[in-house]
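The values are calculated or read from the model by the stated rules, or taken from the named source; none is laboratory data. Quantities reported herein were computed from a predicted structural model and do not represent experimental measurements. For neighbour counting, all protein chains shown are included, and Cβ atoms are generated from backbone atoms with ideal geometry for every residue, glycine included.
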Amino acid sequence: MTTPQIPNLFKVPELKEKILFTLLCLLVYRVGAHVATPGVNVQALTDFLQTAGQGTLFSLYDLFAGGGFSRATVFALGIMPYISASIVFQLAGPVFPIIEKMQRDEEGRKKLTQWTRYLTVVLCMFQAYGFAIFTEQLPGAVAHAGMAFRMTTVLTLTTGGVFIMWLGEQITERGIGNGMSLLIFFSIIERFLPETLRTIEALQARALSFPVLLAVLGVMVLVVAGTVAVTVAARRIPIQIPRKVMGRGRIREGQKTFIPLRLNTANVMPIIFAQSLIIVPGTLATFSNVPWLKAMADLFNTTSPVYIVSSVVLIVFFAYFYTSIIFNPVDLAENLKKQGGFIPGVKPGAATADYIDEVLSRITLPGSLFLAAVAMMPIIVSNVLNMPFGFGGTALLIVVGVGLDTVQQVQQHLLLRHYDGFMKEGRVKFRGRPR
C-alpha cells in the first residue's frame, strides 16, 4: 500500500518554490474566474445554460472554463482558445510537410509556439465577439446591447484569454509543469463540491435513496480504479541494443529496454471530438425553429439509444484517427535503426514500422472501447437510476491523467535530489506485458 511522503515535498527548496508559485498562479486563476464581465446579467445567462443549454456545446465549453462561461466572467473563454490553436498545428503536421519538419526541430518548435500564441489571440477575438452576440440574444442578459457592448466584451474576454495562456506558460516554465493541463484540472475539480452538496440535498429531500447512493458510489470507485489502470497500462515492445566496440579492445555490453505503447494513446481527445460533433444538432436547435433540426436534436438526446450508439462509434473512430495523427511508427522505426536498436525477431526499417503499427492498432481497440464505456457510464447510470449524475467521463479522464502526470513530475524532482518519492512504492510505472 502506498502512503504519501508529503513532508519531502518541502525539503527541496527549488521544489518548494515551484509548488508555491503554482498554487499562487492557480489562486489568481480561480479569483479571475469569479470576476464578471461588464454589462452582462449573470443570472439570466446562468438560468439559460441550466435549462436550454444542457447537452449543447455551451455546457461542454463551460466544463473546461470551470464554470466561467456560465458566470460570464473575464475568464469566460478559459484555456480552450489556446488548446484549440495547439490542436490546429498538431493536426496540420501530417498535412503540411513544412510544419511536420518544424515540429522535429528545436527552433521550429519555438516558432510554432509563437504562431500558436498569435492564433490564440485571433480565436479569442472571434469567440469573444460570438459570446457578445450570444448574450445579446438572451432575454434580459444585456441591458445595453450594441457595438459598444460588443467591443468592450471582445477587449475584456480577449485580455482574459491571453492572460490565462500566459499564466499556463508560467506554471510550465517556473512551476511544477503541465500548466495548461493544471488549469483545466482545477477548473474541473472545483465543480465536485457543488455536485456533492447537490447530492446531499437530494438525499435529505428523499429524492435520492441511500441504497441508490451506495450503488452510485460503488460505480464511481470502479470507474476511477479502471481509469487509473487503463491510463498507466501499456504494451511493452522489447528493444535490443547490440554490443559496440569502444576502442582499445573495450566492448560495451548490449542493452535491453522497451518501448511502452500506451493502451490509451489518444487520452481524452476522442471523447471531446465525439461530443463536440454529436451535440451540434442540439446546439443549432436551441437557436432555431427549423422542424427537422428539432427532430434531430430529439433523436440525439442523451436518453436516446441512438445517442449512445453514435457516441460509441465516434469515440472509437476518433481514437484511431487521433492516434494515427500523434504517433508515427515510421519515425520511431527510423530512429531505432539510426541508434542500432531493433526488435528481436523483426527486421529493422519498414518491417519494424509495420510491426509497431499492427500492435498499436490492436491495443487501440480495447482502449477506445474503455473510453466509450467511461463516457457513457454517467448517462447509463442516470437513465437507469433516474437521477442526475455529475461525475462525467470526460472530466474524470482529465483529472486522473493530469493527476498522474503531476505526481510523476514531482517524483522526478524528489528522486533527482535523493529523497524518497512522493509515494513509497516509487514513481508511477507503465504496466503491461512484453512481446
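Summary table
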item	result
When residues of the stretch 291-314 are limited to those that are touching a Phe, Trp or Tyr at 6+ places or on another chain (Cβ under 8 Å) and modelled with pLDDT of 85 or more, the one surrounded by the fewest Cβ atoms within 10 Å (Cβ to Cβ)	310
Some residue of the stretch 158-174 being of a type in the set (Gly, Ala, Ser), under 30 Å from residue 13 (Cβ atoms) and in a helix (DSSP H, G or I)	yes
Candidate set: the stretch 315-335, residues that are touching a Pro at 6+ places or on another chain (Cβ under 7 Å) and among the β-branched types (Val, Ile, Thr); chosen: the one surrounded by the fewest Cβ atoms within 10 Å (Cβ to Cβ)	325
Given (1) among the polar types (S, T, N, Q); (2) surrounded by fewer than 16 Cβ atoms within 10 Å (Cβ to Cβ); (3) in contact with an Asp or Glu (Cβ under 7 Å, 6 or more places away or on another chain), index of the condition residue 178 fails	(2)
Qualifying residue in the stretch 273-290 (condition: at pLDDT below 70, among the hydrophobic types (A, V, I, L, M, F, W, C), buried (at least 17 other Cβ atoms within 10 Å of the Cβ) and not in a loop (DSSP other than H, G, I, E, B))	yes
Boolean, residue 173 is free of Cβ contacts under 8 Å to residues at least 24 places away in the same chain, among the charged types (D, E, K, R) and surrounded by 15 or more Cβ atoms within 10 Å (Cβ to Cβ)	no
Any hit, the stretch 169-182, residues being hydrophobic (A, V, I, L, M, F, W, C) and modelled with pLDDT of 85 or more	yes
Identity of the residue in the stretch 388-411, at pLDDT below 75 and over 17 Å from the mean Cα position of the chain (by Cα), that ends up surrounded by the most Cβ atoms within 10 Å (Cβ to Cβ)	389
Candidate set from the stretch 95-140 (those that are crowded, with 16+ Cβ neighbours inside 10 Å and polar (S, T, N, Q)); member that is nearest to residue 49 (Cα to Cα)	135
Hits in the stretch 9-25 - residues which are touching a Leu at 6+ places or on another chain (Cβ under 8 Å), under 10 Å from residue 413 (Cα atoms) and assigned to a helix (DSSP H, G or I)	9, 15
Sole residue being under 30 Å from residue 126 (Cα atoms), of a type outside the set (Ser, Thr, Tyr) and in contact with a Gly (Cβ under 9 Å, 6 or more places away or on another chain), chosen from 241, 164	164
Filter pass, residue 237 being part of a strand (DSSP E or B), touching a residue at least 12 places away in the same chain (Cβ under 8 Å) and among the β-branched types (Val, Ile, Thr)	yes
Selection within the stretch 121-131 - over 17 Å from residue 164 (Cα atoms) and touching a residue at least 24 places away in the same chain (Cβ under 8 Å)	129, 131
Checklist (1) among the small types (Gly, Ala, Ser); (2) in contact with a Lys or Arg (Cβ under 7 Å, 6 or more places away or on another chain); (3) touching a residue at least 40 places away in the same chain (Cβ under 8 Å); (4) farther than 24 Å from residue 36 by Cβ applied to residue 93, failing item	(2)
Those residues of the stretch 337-379 which are in a helix (DSSP H, G or I) and either of a type in the set (Lys, Arg) or in contact with a Cys (Cβ under 6 Å, 6 or more places away or on another chain) (or both), in sequence order	337, 338, 362
Residue identified as at pLDDT below 80, in a helix (DSSP H, G or I) and surrounded by fewer than 20 Cβ atoms within 10 Å (Cβ to Cβ) among 47, 62	47
